[in-house]
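Written below as structure tokens is the structure these notes are about.
The values are calculated or read from the model by the stated rules, or taken from the named source; none is laboratory data. What you are looking at is a predicted structure, and each value in this text was computed from that prediction instead of being measured. Cβ placement follows ideal geometry from the backbone for every residue including glycine, while neighbour counts extend to all protein chains displayed.
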Amino acid sequence: MLTIISASNRNDNQTAIFSKACKLHLESKNIPHKYFALSEIPKETSFFDLYEYETSAFSQIASEYIAPHEKFVFIIPEYNGSFPGILKAFIDGILPKHFNGKKACLIGISSGHAGNLRGMDHFADVLNYLNVNVMPKRLCIPRIDNLLQDNQLIDETTLSQLKAQIERFLDF
């Protein structure tokens, strides 16, 4: 089973639009999965309790979305030339053993021209440290403002690319 992780905690973020497109594709193929958006991390979560692995808010998240699953699809927006700090805090709040030996697919999105290529490289380094096998082909989706209309992904080419990436990852 796999988990889709929408890696933004901003309200009404565009990352969720792309993440939900991946979710819909899995649902259309009846592939069991979980979906977790970092915007669902409880707002009252104290980052001082981050490393209280058994009692923090992250322990419940880890037991439902990370520990029992073997594959993860991360949809990662570009924040300040890299990946969001909340994603690093999320990873830090989960025991490393829950990631060890698992697989990840990275999909980067940005308003700029590179589709968060640099941020995915940075995040892949973190996952490699945790002994996660990162799928070599990463999908970069640039200029997302041109692909959306009324908070929906309308670009057929991008939808096809997302579906193809998910298919590659299922075979990975």
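Below is a table of values for the structure above.
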read-out: Selection status of K163, surrounded by 15 or more Cβ atoms within 10 Å (Cβ to Cβ), touching a His at 6+ places or on another chain (Cβ under 9 Å) and more than 30 Å from F47 (Cα to Cα); value: yes
read-out: F83 vs. criteria surrounded by 17 or more Cβ atoms within 10 Å (Cβ to Cβ) and at pLDDT 90 or above; value: yes
read-out: Any hit, the stretch 60-82, residues being in a strand (DSSP E or B) and of a type in the set (S, T, N, Q); value: yes
read-out: Count of residues meeting criterion [exposed (fewer than 15 other Cβ atoms within 10 Å of the Cβ) and either part of a helix (DSSP H, G or I) or aromatic (F, W, Y) (or both)] in the stretch 89-120; value: 3
read-out: Tally, over the stretch 95-129, of residues that are under 12 Å from P77 (Cα atoms) and touching a residue at least 60 places away in the same chain (Cβ under 8 Å); value: 2
read-out: Complete set of residues in the stretch 136-171 that are in a loop (DSSP other than H, G, I, E, B) and polar (S, T, N, Q); value: N151
read-out: Residues being under 23 Å from F72 (Cβ atoms) and exposed (fewer than 10 other Cβ atoms within 10 Å of the Cβ) - total across the stretch 43-58; value: 1
read-out: Residue among G101, G93 that is touching a strand residue (DSSP E or B) at 6+ places or on another chain (Cβ under 9 Å) and either within 26 Å of F48 (Cβ to Cβ) or at pLDDT 95 or above (or both); value: G101
read-out: Hits in the stretch 104-116 - residues which are modelled with pLDDT under 95 and either within 24 Å of E54 (Cα to Cα) or of a type in the set (A, V, I, L, M, F, W, C) (or both); value: A114
read-out: Positions within the stretch 31-42 being surrounded by fewer than 16 Cβ atoms within 10 Å (Cβ to Cβ) and modelled with pLDDT of 95 or more, in sequence order; value: I31, P32
read-out: Which listed residue is over 28 Å from N30 (Cβ atoms) and in contact (Cβ under 8 Å) with a residue 60 or more places away in the chain, from I144, I166; value: I144
read-out: Within the stretch 10-30, considering residues that are assigned to a loop (DSSP other than H, G, I, E, B) and in contact with a strand residue (DSSP E or B) (Cβ under 8 Å, 6 or more places away or on another chain), the one surrounded by the most Cβ atoms within 10 Å (Cβ to Cβ); value: Q14
read-out: Test set (1) surrounded by 21 or more Cβ atoms within 10 Å (Cβ to Cβ); (2) within 15 Å of N131 (Cβ to Cβ) - V73 fails condition number; value: (2)
read-out: Scan of the stretch 45-58 for residues that are in contact (Cβ under 8 Å) with a residue 12 or more places away in the chain and within 20 Å of N9 (Cα to Cα), ordered by number; value: T45, F47, L50, Y51, S56, A57, F58
read-out: Near pairs, Cβ below 7 angstrom, 6+ apart or cross-chain, from the stretch 6-28 (at pLDDT 95 or above) to any residue that is part of a loop (DSSP other than H, G, I, E, B) and surrounded by fewer than 20 Cβ atoms within 10 Å (Cβ to Cβ); value: I17/N151
